[in-house]
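K.L.:
Below is a structure I'd like to ask you about.
Every read-out reported here was derived from the displayed coordinates using simple, explicitly stated rules and does not represent laboratory data. Quick caveat, the model's predicted, so the values are computed rather than measured. All Cβ positions, even for glycine, are placed from backbone atoms using ideal geometry, and neighbour counts span all protein chains on display.
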Amino acid sequence: MTRQTDLAYAAELDAHDPLAHFRERFVISDPDLIYMDGNSLGRLPRATVTLAQNLIQQQWGERLIRNWNEGWFTAPERVGAKIADLIGAEPDEVIVADSTSVNLFKLVVAALRIQQGRSRILTDNLNFPSDHYILQGAIDLLDKQHRLDILPSPDGIHGPVTELQHRLDSQTALLTLSHTVFKSGYVYDMPAITSAAHVAGALVLWDLSHSVGSVPVDLHAAQVDLAIGCTYKYLNGGPGAPAFLYIRRDLQDVLSNPLAGWMGQRDLFNFELEYRPAMGLRHFLTGTPPIVSLSLIEPGIDLLLEAGLDNLRAKSLRQSEYLINLWEALLQQLGFTLNTPREADRRGSHVSLGHTESLRIDQALIHEMNVLPDFRPPDTIRLGIAPLYTSYRDIYTAVTRLQKIVIERLYEKYPKEAPLVT
Ligand SMILES: Cc1ncc(COP(=O)(O)O)c(C=O)c1O
């Protein structure tokens with residue numbers, strides 16, 4: 001045993017953590033619960049509870065329809081502008097709308113329509129399944145004029161970077177990737193990949209779902225064309241909260257929304273029957289925004305902006321390094337593999353551990369150890385680090401409970417079938 005594997009060491013790290021006080025800004029209803037799934041569903045900020053009460057009682061209950069002119073109508077842009085601050089975009093380049101999948105669909109179809117004469121879409125097999133389904137659907141919609149090239153990762157952890165760079169050519173219409181990969185947590189080099197795609201004349205669309213609020217992103221510095229992302233993970237926006245989309249300013253009036261609707265119509269309250277898209281990003285809205293869940297995204301973003309993304313990234317890296325060191329000292333000999341990049345600059349904010357019994361170990365963690373991670377088949381347990389509220393003690397406890405489950409074979413009583421949501 002080295003000092004690093006002591007609980008006292010974790011307590012010392014917490015005592016010196018300059019962001020530790022942010023944990024109190026969240027609802028922690030069970031202080032003994034070790035929550036390691038902020039990469040899937042962020043915790044509830046206290047300020048969100050207060051805002052929810054105001055939204056329901058005052059804004060909806062008292063102000064009623066008047067509130068559309070008192071902040072609701074402009075909420076997609078207002079919240080989008082705050083997200084822009086987290087991803088290196090201008091305030092008028094991000095808007096909140098729909099789900100991540102729907103936003104991807106809108107942007108992919110719009111991008112393919114302006115890339116006439118190019119017939120390939122490039123992605124990798126680490127991209128989120130929904131992104132693959134959307135790409136297949138977009139190809140069907142556009143009469144199967146495009147081919148989807150899916151490049152395989154060399155090891156299931158890292159992106160196929162060299163392959164991608166070789167495959168980009170004059171036929172590539174669009175390159176789309178998850179910036180931080182959902183399973184392994186691998187982070188692509190956004191400026192390098194974007195620049196290689198641009199040299200080939202391709203447009204680039206990044207899925208920022210696992211990056212926004214956890215990994216520094218500078219869309220402008222990388223000259224990114226398009227991006228999408230979700231708000232319920234590190235932004236703590238709440239289950240099913242609407243997503244966001246980014247379109248570089250010079251492309252905003254060039255691209256057309258394939259799901260044109262009245263919220264994207266210029267002067268919509270003239271109720272003209274002919275569609276005339278609003279200028280800027282607004283024409284990428286379709287129907288009425290879900291105001292309650294959209295509004296509730298804002299307090300979580302405010303917390304991230306207050307803490308500062310560089311500070312959050314620094315803590316996240318220290319914490320994932322700590323977790324990996326604990327894995328090396330305590331878990332590796334028990335059959336756990338590290339399914340996340342070892343290189344800090346290629347790592348997002350969750351650490352994935354593999355084991356032949358991962359599913360049942362995950363069930364034991366949840367049902368008898370009061371630890372909440374998630375499981376991704378075939379063999380990955382993801383441990384999410386949300387530096388606004390994850391403590392070093394949380395990480396220490398999660399790892400030592402994993403160790404106990406395997407040493408005492410506590411997983412053996414759990415079924416081999418996965419529950420509905422893992
Ligand atoms: C990387 C990534 N992309 C897309 C999605 C789908 O998001 P939505 O359900 O908002 O469409 C997810 C969901 O977890 C995701 O992790």
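K.L.:
Rank-order 293-303, 19-29, 152-162 by packing density, defined as the average count of other C-beta atoms within 10 Å over each peptide's residues, highest first. Before the final figure, lay out the partial values.
P.N.:
On the way: 293-303: 22.5, 19-29: 14.6, 152-162: 16.5.
Ranking the peptides 293-303, 19-29, 152-162 by packing returns 293-303, 152-162, 19-29.
K.L.:
Which value, in Å to one decimal place, does the Kirkwood hydrodynamic radius take for segment 209-328 when every pair of different Cα atoms is included?
P.N.:
Numbers: mean 1/r = 0.0595 Å⁻¹.
Hydrodynamic radius (Kirkwood, Cα only) of segment 209-328 equals 16.8 Å.
K.L.:
Right, something else. Collect residues whose amide H, placed 1.01 Å from N in the peptide plane, falls under 5 Å from the amide H of Leu174; neighbours closer than 5 in sequence don't count.
P.N.:
Under 5 Å from the amide H of Leu174: Arg120, Leu122, Leu203.
K.L.:
While we're looking at this one, here's another question. I'd like the Karplus ³J(HN,Hα) series for segment 403-412: coefficients 6.51, -1.76, 1.60, θ = phi - 60°, whole numbers in Hz, and an x wherever there's a Gly or Pro.
P.N.:
4, 5, 4, 7, 4, 8, 6, 5, 6, 5
K.L.:
Could you tell me the ratio Rg/Rh of segment 357-422? Both radii from Cα atoms, Rh via Kirkwood.
P.N.:
Numbers: Rg = 11.8 Å, Rh = 12.2 Å.
With Rg and the Kirkwood Rh in hand, the quotient comes to 0.96.
K.L.:
Continuing with this model, one more query. Separation between the Ile28 and Asp310 pseudo-spin-labels, each 7 Å from Cα along Cα→Cβ, expressed in nm?
P.N.:
For Ile28 paired with Asp310, the spin-label model returns 2.8 nm.
K.L.:
Per DSSP H run of n ≥ 4, the term is -39500 (n - 2.57); total these for the chain, divide by its residue number, and report the mean residue ellipticity at 222 nm rounded to 500 deg cm²/dmol. If you can, show how the numbers build up before the last one.
P.N.:
Numbers: 12 runs with 135 residues, N = 422.
Taken over the chain, the calculation gives -9500 deg cm²/dmol.
K.L.:
Cα-Cα pairs above 15 Å in segment 1-71: how many percent? Write down the numbers at each step before the final one.
P.N.:
Details: 1779 of 2485 pairs.
Tail of the P(r) past 15 Å holds 72 percent of the pairs.
K.L.:
Would you mind ranking Tyr414, Tyr392, Tyr133 so that the residue whose beta carbon has the fewest other beta carbons within 10 Å leads the list?
P.N.:
Working: Tyr414 18, Tyr392 23, Tyr133 13.
In order of increasing Cβ crowding within 10 Å: Tyr133, Tyr414, Tyr392.
K.L.:
Counting Lys +1, Arg +1, Asp -1, Glu -1, what net charge surrounds Leu410 among other residues with beta carbon under 11 Å of its beta carbon? Intermediate results must be reported in sequence, preceding the final value.
P.N.:
Numbers: positive: Arg360, Arg401, Lys404, Arg409, Lys413; negative: Glu357, Glu368, Glu408, Glu412.
Here the charged neighbours net out to +1.
K.L.:
On to the next question. Please report the spacing between the Cα centers of segment 332-372 and segment 373-404 in Å, no decimals.
P.N.:
Here the two parts' Cα centres lie 7 Å apart.
K.L.:
Another question, then. What is the set of long-range amide H partners of Asp225 at a cut-off below 5 Å, with H atoms built 1.01 Å from backbone N?
P.N.:
Val204
K.L.:
While we're looking at this one, here's another question. Out of segment 197-282, which trypsin sites (Lys or Arg not before Pro) are coil in DSSP terms and have no more than 13 other C-beta atoms within 10 Å?
P.N.:
On the way: sites: Lys233, Arg248, Arg249, Arg266, Arg282; in loops: Lys233, Arg248, Arg266.
Counting only loop positions with at most 13 other Cβ atoms within 10 Å, the trypsin sites (Lys or Arg not before Pro) in segment 197-282 are Arg266.
K.L.:
If you don't mind, there's one more thing I want to ask. Using alpha carbon centroids, what distance separates segment 241-287 and segment 9-52, in Å?
P.N.:
37 Å
K.L.:
Over the Cα atoms of segment 238-307, Rg to Rh with Kirkwood Rh, two decimal places?
P.N.:
Details: Rg = 14.5 Å, Rh = 13.8 Å.
Rg divided by Rh gives 1.05.
K.L.:
Considering only DSSP beta bridges where both residues belong to segment 89-197, give the percentage that are antiparallel (nearest 5).
P.N.:
10 percent
K.L.:
What translational D, rounded to a whole number of µm²/s, comes out for segment 133-199 from Stokes-Einstein when the hydrodynamic radius is the Kirkwood one over Cα pairs, at 20 °C and 1.002 mPa s?
P.N.:
Details: Rh = 13.2 Å.
My calculation gives 163 µm²/s for D.
K.L.:
Running Debye on the chain with equal point scatterers at the Cα sites and no solvent, what base-10 log of I(q)/I(0) appears at q = 0.12, 0.13 Å⁻¹?
P.N.:
Here log10 of I(q) over I(0) equals -1.00, -1.14.
K.L.:
Can you work out the Karplus-derived ³J(HN,Hα) for every residue in segment 10-21? Use 6.51 cos²θ - 1.76 cosθ + 1.60 with θ = phi - 60°, whole Hz, and x for glycine or proline.
P.N.:
Values per residue, Gly and Pro as x: 4, 5, 5, 4, 4, 5, 9, 7, x, 9, 4, 5 Hz.
K.L.:
Under 11 Å from the Cβ of His179, count the other residues' Cβ atoms, weight Lys and Arg +1, Asp and Glu -1, and hand me the total. All intermediate terms of the calculation are to be shown ahead of the outcome.
P.N.:
Working: positive: none; negative: Asp189, Asp207.
Local net charge: -2.
K.L.:
How big is the antiparallel share of DSSP beta bridges in the chain, given as a percent to the nearest 5?
P.N.:
55 percent
K.L.:
So for each of 170-179, 307-316 I average, over its residues, the number of other beta carbons within 10 Å; can you give me the resulting order with the highest mean first?
P.N.:
On the way: 170-179: 22.8, 307-316: 17.6.
Highest mean packing first, the order is 170-179, 307-316.
K.L.:
Taking the convex hull of the alpha carbon atoms in segment 26-118, what volume per residue do you get, in Å³? Mind showing how you got there, number by number?
P.N.:
Details: hull volume 15.1 nm³, N = 93.
Dividing the Cα hull volume of segment 26-118 by its residue count gives 162 Å³.
K.L.:
Give, as a single signed number, the net charge of other residues whose beta carbon lies under 14 Å from the beta carbon of Gln165, with Lys and Arg counted +1 and Asp and Glu -1.
P.N.:
Working: positive: Arg167; negative: Asp124, Asp149, Glu163, Asp169, Asp189.
Value of the local net charge: -4.
K.L.:
On average, how much area does the Cα convex hull of segment 131-259 cover when viewed from any direction, in nm²?
P.N.:
On the way: hull surface 34.1 nm².
That works out to 8.5 nm², a quarter of the Cα hull's surface.
K.L.:
Scan around Asp98 for amide H atoms under 5 Å from its own, H built in the peptide plane at 1.01 Å from N, and keep only partners 5 or more places away or cross-chain.
P.N.:
Answer set, sorted by chain and number: Ala243.
K.L.:
With 22 Å as the cut-off, how large is the P(r) tail for segment 296-422, expressed as percent of Cα-Cα pairs? The partial results should precede the final answer.
P.N.:
Working: 2982 of 8001 pairs.
In whole percent, the share of Cα-Cα pairs in segment 296-422 beyond 22 Å is 37.
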